[in-house]
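The structure appears right after this line, and notes come after that.
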Amino acid sequence: MPCERKPMRYGHSEGLTDVCFDDEGKSIVTCGSDGDVRIWESLDDDDPKSISVGEKAFSVALKNGKLITAVSNNTVQIHTFPEGDPDGILTRFTTNANHVTFNTSGSKVAVGSSDFLVKIVEVMDSSQQKTLRGHEAPVLSVAFDPSDEFLASSSCDGSVAVWSVESQTQVAQWKVLQKSSDVSAAKSLCRLAWLPRSGRVLAIPVDATVQLYDRNTWTHISTLSDDLSTQVVNVVVWSPCGKFLAAGTVGGNLLIWDVVAKLCVERQKHEKGFTVCGMAWHPSGGRIAYTDTEGCLGLLDGVSSASAPTSSSTTQSTKATAAKETNDYDDLFDDDDDRIMDEGMSDSHSPVKKALVEDDDDDDLMPATGRARNRASFLDDDNSQDAASVKLDKLPDEDGSSAILPPVIPAVSRPVYEGPMPTPPQRAFQPGSTPVHLMHRFMTWNSIGIVRGYNDDQDNAIDVEFHDTAIHHAMHLTNTFGHTMTDLSQEAVLLACEGTDELASKIQCLHFSCWDTQKEWMVDLPKGEDARALCLGQGWAAVATSTLMVRLFSIGGVQREMFSLPGAVVCMAGHGEQLLIVYHRGTGFDGDQSLGVQLIQLGRKRKQVIHGEPLPLSQKSYLAWMGFTAEATPCCIDSVGVVRILNRTLGNTWTPVCNTRESCKSKSDHYWVVGVRENPQQLRCIPCKGSRFPPTLPRPAVAVLPFKLPYCQTTTEKGQMEEQYWRSVLFHNHYDFLSSSGYETDSEVQSQAQKEQQELLMKMFALSCKLEREFRCVELAELMTHNVVTLAIRYASRSRRMALAQKLNEIALEKANQLHEEEEQEEEEPAYQSVAQNSLFNHVRRESRGSSQMNGCEDEDVEEEYTQEEERDAEEASETKKPCLNPFKKEAQSPERPSPKPVNREGRANPFKVSSAGKSSGSPAGQSRTTNVLDSMTMSSRKPVALSGTSKQSKAPVLKPLAPKAKSKTQATLLQMTATKASSKKQESQSGTETVKQTPAATPPVSAENTENRKPKTGFQLWLDENRKSILADNPDFEEMDVIKEGMGRFRTLTAEQRLEWSEKAKSESDLKKRKREHGGEEDEQMERDESGAKKKKALDSSAKLSAFAFNKK
Amino acid sequence: MAVMIHIRMRAARKKKKKGGVSQTREMDAAEVEFLAEKELVNIIPNFSLDKIYLIGGDLGPFNPGLPVEVPVWLALNLKQRHKCRIIPPEWMDTDKLEEIREQERKLDTFTPIPNPHYMELTKLLLNHAADNIPKADDIRTLVKDIWDTRMAKLRLSADSFISQQEAHAQLDNLTLMEINTTRFFLLDSLNYMYKLRSNLHPARTQDY
């Protein structure tokens, strides 16, 4: 008899426990010393229902929807089952009751207590009590004879007694146990058991054996023992068929005997060897639940199914029906026929059992399982009715078996199908709600607020609370209609309940944002139509019903469009003008759901965006959450924890962006998602320990998870950057969508994102270059924007990859052409606005940069580049500047916030704000910032970074003008000659690394500055200083003289105007210097000394700081 | 925000003045409490606000419903204006505090305390945000127990320190508030005792 021992589960805190099955065997009920009764749907139930019955619960019994518990406050209580509502106190003792048990019909309860008494109480009328006196020590356990004639009890005084219920006298007594003073000191709990149905035999655990006594003569008939087990037996239970007897021992052994053969057919060891103190046999006979003194719950599965491996099921069933007739009257215990019947029963009953096993795999959240159960109970109901009609003249003890037997026939006659099994479709749900059956539950938790539902004895109410109290104050509603579905938006609360026999299904809307006095409306659905799911959008509400329809309402209560769905709805979500519907598009198999999704655009441009395409889910999972991100992108999460987001740029595909299970510490932990945001990238969820959803109290706290796309090899640098790049691209798709549907977008953030993406591309480019993968470089370049490609070309040419540079050149040309074409198209739009914008941007950029520039001059090329970009920016800006405000911006106040008004921003800057270099200056320039940073290597070499420079060399030039003495001239020039070479070399190497790092660090300024201090500077020199770098870059082999020559050539090609400009600049600079000289006069002497000893760089440095400070102050 | 800073500074000044009247040397409890207000605590705001930039650093951004870490002074300020819920610090939990209390009672030395300002924070948070803290009364009792135990220990060690006329003693894991409560009294009494002792042997001291 191979049976499977399932792993133990933690059920209660340590101490005595008890276990039983409910009448149908659908759930396991346990109690423990933590005073809770738990109802387990299955052993794998993550969220057993808990009923608190007292401080400690010693024993539990369940029958006919009555849950009886012996509690530490000396009472025996009744609770309803499965609701768990207290239903009064059955009886009281002067001390604890130790064991409670029902009689077979469930009309009476026997209780054994520590005050030596045994009481028999009528369940319906607790005043009908019988007290059995005679034990001289605490009573250990009690057991009702199936025919209600006798009651057996065991006690710490060492005796086992049989009482006549009617006369309340002892019929028999055996002194077979060891004496002890108290239950806690007793060696064994000595749980007794009568043979089911006939009650012909009483089993008594005595030491390591089980003694069987005959009912008629009260004599010992046999002993069951096992050579391998010497531990004291604590508990015995009969199988429902009466053929087997199971026993649990103090040391954790589980033994099953075939009673007729007196053979031990099964030995199992408790996985930790704890004492087994509670045992119950499933009504179908296939499994045994047991609990130990450490509070754990275990299950033995397949206990009797293997007992008849030879006979086929069909013959069995016929035999079983035949046997049924006979065994009604025959003695069950010695009859051979009934043995076959039992086998038939246990075997043929296995389909039901199988269903239960399947249930174990499912989670209890899974609505599907509910259906499977319903089906089972439906069958059972039918059967019991049938049975009842037949049973009238039968013996009362037939009760147990007849309820089990009838399903045998339909179950077995069905042809055996062994293909993939259809998955029960998941039930409709509201995203962000906890299961409906809970007394206190979240009905909605979304980005707007929380709706909680209370449904207990005193109160049936709904609490609405807003995260942002600026939207509305909290509300408390009495739930007179029994609403089960809610949704919450910034405008309204929508509630709905399913219909009952008398009342139609209702939809109620609290439209709190409306400006008239009628803030509420209600609609009855037609008879026979029930609301299944609902959602709110901006200005509209949608309700999906049981007749496969979706009804749209305006937020004020006007009925709008309605349409049919191809299948039963699973859930709906609304956001702005978008309506997202998920429904069953077919039957899923082997645990998979088959869901379809529709995305419908309401509002002005009405269209269906997604036409009922299948919704991808992980294998064997169901949909757990569905909704929109704050930025209006549809997003779904399945029960395995995979978060998927719609990728609109890839033909509306779904991309997995996160797996919440990876962040969980233990297997039974889950994250309950309440919201998704794309900017910043946040998955807001509530960590739930050991369950799928949080309790309402204590108030759960929201945690934030990051997104991580499941790219390959994310441990490597390459994989990491790829993941970052695509994540950035994916999470900024919404800008295109929002701007295309006419909403205002934050161009600052968008440009920042673009910059980030281009930087990542450049990094990947550099990495591929390093790895000598030129083809890959070209592939990457194709993703880049035109400007970055030019940068890449420079990088390639500098690292002497001419072939690559050439390829890139082609790409750059192509991109330039594309750009050109686009521009031409855009030119048709009115230009004046963009010009105005342009000048603004220029102005701002000058301002921001001018502060760090002494000679404020720029390369013409760069200037051009910028203007180009700014034109584009301006156009973009003008496009996005449509009057429509973006309602999805998280910040409710944000509409008033000036979006790109950089000048203002600069003006009211907070003095405490740590100025992160880019923040103020970069914002207005928009895209130009991209190039700003990326071009850093060229830019920084062109303009001497004056005050912000940190490197030692950079301070020197500021200082130099302070030493105008003619005497130092020769020395200075000497110095300069060497310095020039050194620094120019340095620059080269440094700029190389810079492109890789992409940091706008200050490079040493051109040392030619030094000469300028002494000689009057010409415009050409100034120009050369600026452009030396680019000349060197193009011709890395040039000597100083060659550079000058080349520079001369280039300078000549400039227009007269430009040349004039340069000479102007030269003049103004010399003026500037003069002023500085005057200022720094005091320090001249010290300067002199320093200059003469040109190598004392350090001393020079500190003074440099001083002078810089002085200059700055001015 | 500027207003908030102003208020906080004014409050600080007020506290100082109060202390200043009676004792000029001693740092009074209000000042210690003021220091404790710099500790960070998580709150769940019910309003939305961008990052704010203060001398002490940047705070925020505040998103309704999303926990954010702020100093206690701001948390209490917001709480009083019904702008947030305070999430009690991790150690403010009956189980953890009970454990500490047991430890404190078992050992002769001072046990390490989860927060250097446990007493001040408990007082501040429980006085102003008791509705956000589960089992507030139990926590108050527990912290008071811990405090009493520690103060008793402190007095005991001060007593043995003086009675045995030790030159130095080592006391670990004392919090600022605890030091502050005993410091003035201990120092003064030592001074007096020194004076009294030196008066006992006037001749001797004169020699030196």
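The values are calculated or read from the model by the stated rules, or taken from the named source; none is laboratory data. Source: prediction; values computed, not measured. Every residue, glycine as well, gets a Cβ built from its backbone with ideal geometry; the counts of neighbours run over all protein chains shown.
Quick look at the numbers
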item	result
Some residue of region B:18-35 being at pLDDT 85 or above, outside any helix (DSSP H, G or I) and either under 30 Å from A:His473 (Cα atoms) or among the hydroxyl-bearing types (Ser, Thr, Tyr) (or both)	no
Qualifying position, being free of Cβ contacts under 8 Å to residues at least 60 places away in the same chain, away from every other protein chain (no Cβ under 14 Å) and either buried (at least 19 other Cβ atoms within 10 Å of the Cβ) or in a helix (DSSP H, G or I) (or both), among A:Tyr725, A:Tyr743	A:Tyr725
Every pair of residues 6+ apart whose Cβ atoms lie under 8 Å, when the first sits in region A:502-527 and is in contact (Cβ under 8 Å) with a residue 12 or more places away in the chain while the second is of a type in the set (Ser, Thr, Tyr) and part of a strand (DSSP E or B)	A:Ser505/A:Thr545; A:Leu525/A:Thr545
Residues satisfying the stated conditions in region A:450-476, i.e. surrounded by 18 or more Cβ atoms within 10 Å (Cβ to Cβ) and among the hydrophobic types (A, V, I, L, M, F, W, C)	A:Ile450, A:Val451, A:Ile462, A:Val464, A:Phe466, A:Ile471
The one condition in (1) away from chain A (no Cβ under 14 Å); (2) surrounded by fewer than 17 Cβ atoms within 10 Å (Cβ to Cβ); (3) among the aliphatic types (A, V, I, L, M) that B:Ile55 fails to fulfil	(1)
Flag if A:Cys685 is surrounded by 19 or more Cβ atoms within 10 Å (Cβ to Cβ) and either within 27 Å of B:Pro134 (Cβ to Cβ) or within 14 Å of chain B (Cβ to nearest Cβ) (or both)	yes
Qualifying residue in region A:156-167 (condition: in a loop (DSSP other than H, G, I, E, B), crowded, with 22+ Cβ neighbours inside 10 Å and of a type outside the set (S, T, N, Q))	yes
Hey, B:Gln103 surrounded by fewer than 19 Cβ atoms within 10 Å (Cβ to Cβ) and within 24 Å of A:Glu465 (Cβ to Cβ) or not	no
Within region A:419-468, strands (runs of 3 or more DSSP E) holding 1 or more residues that are within 14 Å of another protein chain (Cβ to nearest Cβ) and touching an Asp or Glu at 6+ places or on another chain (Cβ under 9 Å)	A:440-445, A:449-455
Answer from A:Leu212, A:Leu245 - the residue that is within 48 Å of the chain's Cα centre (by Cα), assigned to a strand (DSSP E or B) and surrounded by 16 or more Cβ atoms within 10 Å (Cβ to Cβ)	A:Leu245
Region B:58-76: number of residues that are touching a residue at least 24 places away in the same chain (Cβ under 8 Å), at the interface with chain A (Cβ under 8 Å from one of its Cβ atoms) and among the small types (Gly, Ala, Ser)	0
Which listed residue is among the basic types (Lys, Arg) and within 14 Å of chain A (Cβ to nearest Cβ), from B:Lys144, B:Lys79, B:Lys123, B:Lys195	B:Lys79
Selection within region A:690-717 - without any contact (Cβ under 8 Å) to a residue 40 or more places away in the chain and either farther than 20 Å from A:Val643 by Cβ or within 14 Å of chain B (Cβ to nearest Cβ) (or both)	A:Pro698, A:Arg699, A:Pro700, A:Ala701, A:Val702, A:Ala703, A:Val704, A:Gln713, A:Thr715, A:Thr716
Condition broken by A:Glu1057, with the remaining ones in (1) under 30 Å from A:Tyr795 (Cα atoms); (2) at pLDDT 70 or above satisfied	(1)
Some residue of region B:85-93 being of a type in the set (Lys, Arg) and either facing chain A (nearest Cβ under 8 Å) or under 14 Å from A:Ala701 (Cα atoms) (or both)	yes
So A:Leu151, is it touching a Cys at 6+ places or on another chain (Cβ under 6 Å), at pLDDT below 90 and not basic (Lys, Arg)	no
Failed criterion for A:Val673 (all others in (1) more than 14 Å from chain B (Cβ to nearest Cβ); (2) within 24 Å of A:Asp592 (Cβ to Cβ) hold)	(1)
Filter result (surrounded by fewer than 21 Cβ atoms within 10 Å (Cβ to Cβ) and in contact with a Gly (Cβ under 7 Å, 6 or more places away or on another chain)) within region A:168-194	A:Gln170, A:Lys175, A:Gln178, A:Lys179
Qualifying residue in region B:33-48 (condition: free of Cβ contacts under 8 Å to residues at least 24 places away in the same chain and facing chain A (nearest Cβ under 7 Å))	yes
Candidates A:Val778, A:Val788, A:Val749, filtered to the one that is of a type in the set (Val, Ile, Thr), assigned to a helix (DSSP H, G or I) and out of contact with any helix residue (DSSP H, G or I) (no Cβ under 6 Å at 6 or more places or on another chain)	A:Val749
Yes/no for B:Arg155 being away from chain A (no Cβ under 14 Å), on the phi < 0 side of the Ramachandran plot, surrounded by 16 or more Cβ atoms within 10 Å (Cβ to Cβ) and of a type in the set (Lys, Arg)	no
